[in-house]
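Worksheet: the structure to be examined is printed underneath.
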C-alpha cells in the first residue's frame, strides 16, 4: 500500500479521480475525520469568494464629504491591497489602488464644488465599520503578526499593514486603521488631522473619490499562490457580508458554506474559525477539500480561476519553497498543482495531480499531530513523496 511506510504524525488522505460529477474515490485514510487545515483552508475561501463575490468584483475605498465643510470621511471597503506608495510604484500586491490617487480625486472634487472650493480640509474622519468583531482572533499565534504573515483584520488598512511595503513577511502593526488614516491625511494637506474616534459615514453623502482593487479573480490568484493570510481573511469576511451571514470572523462559519451551496459539497459539521487556516481550531474533513478539488479540476462555474491560482509543484509559489518536489519527487514537478498548509504540528497539501496514465487525481494529504521535533522539511518531503506516488499510479489506485 502507498501509505504503509507513513511516519509523519497521523495521516489523513483522500484521493479521487476527476472523471464524473461526483468523482471516483481512489484512496481514503481518515478522510471523513475533521482536522485542522492550516492554509489549505484558503482553497475553500478562494472558491467561496469567486462564487459569492464574482470574479470581476473590485473592492472600493471611498471618500465622502463630512458633516462640516472642512471635513472628509475615508470609508474602508475591506481592501488590504490599498497602498500608501506613490502611484506607479508596486508594493507586495500587484495592480493595487493608491492613496495618492484617492487624495487627488478628493482635492479636485472639492475645487470643482463652489461651496467647498475655498474651504481647506482640516479634519479627516474614518469609517472602518464594515467589519465587526475582534480584529485579531485569540486562536492566532502572536508570532504571525511579528513574523509578518497576518495583520489585524480591519476594513481599512494599507499594504496589508506591513511595516515594509515591499516585503511580504514584514512585521505587521497593531493600529492598521490609524496607519492608513495618517498616511491619507498627509496627502490631503499639511494641516489635516486624522480624528481618533471612528465614525459612520452619513448615507447619501457626496462621494469625492473612489479607488478600486484588482478584480477578485486576481486577488484570489495572489492569495493562493503566495498564501496571503490577510487577503484570505478579508475575502472571507466580504463573503460573509455578501451571503448575509454577518461581518465578523465568527460569521465565516455560515458565510463560506452558504457561498459554496451550488457546488454540492458535504459541509455539514465543519468548523470554520477563520478564512486563512491559521487557527488550529478549524475542523474540516480531507474528503471535503478533495471534493472541492474535483470541482476545481472540472472548472465548474468560475472555478477555473481558483485552478489558475494554485501553486505548481517545483515551479511557482509555496510549492517552490524549501526544496519541494526535488530528488525523487521531481518526477511530479510541473505535474501537480495545489495549496500547501503548515501549522506547528500539522502539514498538508491539497491539489490536483496530472497522473502518468492521463487521469486527473484530486487529493488532500494532511499530517496531523506531528512531533515538534520533526523538521518541517522532512514532513513536507514525505507529503511530496506520497503526492508523487499519486501522480505515478493515477486511476490504477482504485483498481
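The values are calculated or read from the model by the stated rules, or taken from the named source; none is laboratory data. Given the structure is predicted, the values throughout are model-derived calculations rather than measurements. Reconstructed Cβ throughout: ideal geometry from the backbone, glycine too, with neighbour counts over all protein chains shown.
Here is a yes/no grid of residues against (1) surrounded by 19 or more Cβ atoms within 10 Å (Cβ to Cβ); (2) at pLDDT 95 or above:
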{"site": "195", "(1), (2)": "no, no"}
{"site": "198", "(1), (2)": "no, no"}
{"site": "209", "(1), (2)": "yes, yes"}
{"site": "213", "(1), (2)": "yes, yes"}
{"site": "222", "(1), (2)": "yes, yes"}
{"site": "233", "(1), (2)": "yes, yes"}
{"site": "243", "(1), (2)": "yes, yes"}
{"site": "250", "(1), (2)": "no, yes"}
Going through region 123-167 in order, the residues found to be over 26 Å from residue 219 (Cβ atoms) and surrounded by 16 or more Cβ atoms within 10 Å (Cβ to Cβ) are 123, 124, 125
Exactly one of 76, 5, 66, 23 is within 30 Å of residue 217 (Cβ to Cβ) and not assigned by TED's automatic domain parsing to the domain that holds residue 309, and that residue is 76
**OP:** Check whether at least one residue in region 29-49 is surrounded by fewer than 21 Cβ atoms within 10 Å (Cβ to Cβ), assigned to a loop (DSSP other than H, G, I, E, B), in the same structural domain as residue 267 (by TED's automatic domain parsing) and on the phi > 0 side of the Ramachandran plot, and report yes or no.
**Re:** yes
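Look at residue 118 and say whether it is touching a helix residue (DSSP H, G or I) at 6+ places or on another chain (Cβ under 6 Å) and in a loop (DSSP other than H, G, I, E, B). Before the answer, list the steps.
Numbers: touching a helix residue (DSSP H, G or I) at 6+ places or on another chain (Cβ under 6 Å): no; in a loop (DSSP other than H, G, I, E, B): yes.
Criteria not met by residue 118.
Condition check: in contact with a strand residue (DSSP E or B) (Cβ under 7 Å, 6 or more places away or on another chain), over 30 Å from residue 364 (Cβ atoms) and either at pLDDT 95 or above or outside any loop (DSSP other than H, G, I, E, B) (or both). Does residue 126 satisfy that?
Working: in contact with a strand residue (DSSP E or B) (Cβ under 7 Å, 6 or more places away or on another chain): yes; over 30 Å from residue 364 (Cβ atoms): yes; either at pLDDT 95 or above or outside any loop (DSSP other than H, G, I, E, B) (or both): yes.
Against the criterion (in contact with a strand residue (DSSP E or B) (Cβ under 7 Å, 6 or more places away or on another chain), over 30 Å from residue 364 (Cβ atoms) and either at pLDDT 95 or above or outside any loop (DSSP other than H, G, I, E, B) (or both)), residue 126 qualifies.
Please find, within region 112-122, the residue that is nearest to residue 185 (Cα to Cα) out of those that are surrounded by fewer than 11 Cβ atoms within 10 Å (Cβ to Cβ) and at pLDDT 95 or above.
Kept after step one, since they are surrounded by fewer than 11 Cβ atoms within 10 Å (Cβ to Cβ), are these residues of region 112-122: 112, 114-115, 117-118.
From what's left, at pLDDT 95 or above: 112, 114-115, 117.
Numbers: 112: 20, 114: 23, 115: 21, 117: 18 Å.
Ranking the qualifying residues of region 112-122, first place goes to 117.
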Would it be correct to say that residue 296 is within 20 Å of residue 19 (Cβ to Cβ), in a helix (DSSP H, G or I) and in the same structural domain as residue 234 (by TED's automatic domain parsing)? yes
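Test of understanding: among 114, 97, 120, 86, which residue is closer than 26 Å to residue 192 by Cβ and either within 21 Å of the chain's Cα centre (by Cα) or not assigned by TED's automatic domain parsing to the domain that holds residue 207 (or both)?
On the way: 114 fails: either within 21 Å of the chain's Cα centre (by Cα) or not assigned by TED's automatic domain parsing to the domain that holds residue 207 (or both); 120 fails: either within 21 Å of the chain's Cα centre (by Cα) or not assigned by TED's automatic domain parsing to the domain that holds residue 207 (or both); 86 fails: either within 21 Å of the chain's Cα centre (by Cα) or not assigned by TED's automatic domain parsing to the domain that holds residue 207 (or both).
Among 114, 97, 120, 86, only 97 is closer than 26 Å to residue 192 by Cβ and either within 21 Å of the chain's Cα centre (by Cα) or not assigned by TED's automatic domain parsing to the domain that holds residue 207 (or both).
Based on this model, can you work out whether residue 21 counts as in a loop (DSSP other than H, G, I, E, B), surrounded by fewer than 17 Cβ atoms within 10 Å (Cβ to Cβ) and at pLDDT below 95? Please lay out each step first, then the result.
Details: in a loop (DSSP other than H, G, I, E, B): yes; surrounded by fewer than 17 Cβ atoms within 10 Å (Cβ to Cβ): yes; at pLDDT below 95: yes.
Spelling it out, residue 21 is indeed in a loop (DSSP other than H, G, I, E, B), surrounded by fewer than 17 Cβ atoms within 10 Å (Cβ to Cβ) and at pLDDT below 95.
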So the helices (runs of 4 or more DSSP H) completely within region 163-273 holding 3 or more residues that are more than 17 Å from the chain's Cα centre (by Cα), farther than 25 Å from residue 138 by Cβ and assigned by TED's automatic domain parsing to the domain that holds residue 82 are 176-188
| request: Within region 70-79, identify whether any single residue is part of a loop (DSSP other than H, G, I, E, B), without any contact (Cβ under 8 Å) to a residue 60 or more places away in the chain and surrounded by fewer than 24 Cβ atoms within 10 Å (Cβ to Cβ), and answer yes or no. | output: yes
